Amino acid sequence: AVTKTFLHEEEDELISDDQLIAEISKLITQKTGVLLGRSKKSMVSARVHKRAIQLGLESIQEYMHFLRKNAKTEISALTSLLTTHHTFFFREYAHFEYLSREGIARVVQNMRDRGESKLRIWSAASSRGQESYSIAMLLEHLYKDITDKPEYEILGTDIDQLSVKMANNGVYHR
């Protein structure tokens, strides 16, 4: 049997707001891997209601109709709306302490033992980039007086396109 997503089904009958919120949560999970289960229902509902108001829509039903008609652009806005953007410089400070004390030295030694010359770091779910820039600042601090410092590359990624755009800009409050 072929299963259609709610974005492609005809609106034959009205379903409850709770069912629509569950469908929106399911869609975001399918598109991003972010789990928005029952424990997140009130958060999803509040943010979707706020989005509907921003768009001048009067109900979740109207929002769902808008989402179906504007899926390409609205899914991106919905992803931004429903993902967490909790980020700041040197977040999870204990991790940076470990990296300073011994972690980076061990990683660089292992890298060199394998004959590699470039340290590659991936900062996944890096939101607006503060974590990626924090890693760069840590590396520059650790290697400021070392002439044989390794070349490095940091890749920061996020599912929210707006966050990535802000991170690429690289401008933050002091």
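The values are calculated or read from the model by the stated rules, or taken from the named source; none is laboratory data. Note that this is a predicted model, so its numbers are computed, not measured. Just the protein is used for accessible areas: all its heavy atoms, side chains included, with ligands, DNA and RNA removed. Shrake-Rupley method; radii C 1.70, N 1.55, O 1.52, S 1.80 Å.
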Quiz item: How much accessible area does Glu116 have with a 1.4 Å probe, in Å² rounded to the nearest 10?
Solution: 80
Exercise. Quick one: compute a quarter of the convex hull surface over the Cα atoms of the chain and quote it in nm².
Key: 14.7
Self-check item: Accessible-area order (highest first, 1.4 angstrom probe) of the listed residues Lys41, Lys26, Lys165
Solution: Lys165, Lys26, Lys41
Quiz item: When the solvent-accessible surface of protein heavy atoms is calculated with a 1.4 angstrom probe, in what order do Tyr98, Tyr63, Tyr152 fall, highest first?
Solution: Tyr98, Tyr152, Tyr63
Quiz item: From the cross-link list Lys40/Lys118; Lys50/Lys72; Lys69/Lys165, which pairs have alpha carbons spaced over 31 Å apart?
Solution: Lys40/Lys118
Practice problem: Kindly report, to the nearest 10 Å², the accessible surface of Val108 as traced by a 1.4 Å probe over protein heavy atoms only. | Solution: 10
Practice problem: Please list His49, His173, His85 in order of solvent-accessible area, largest first, computed with a 1.4 Å probe with all protein chains present. | Solution: His173, His49, His85
Quiz item: Leu36: accessible area at probe 1.4 Å, nearest 10 Å²?
Solution: 20
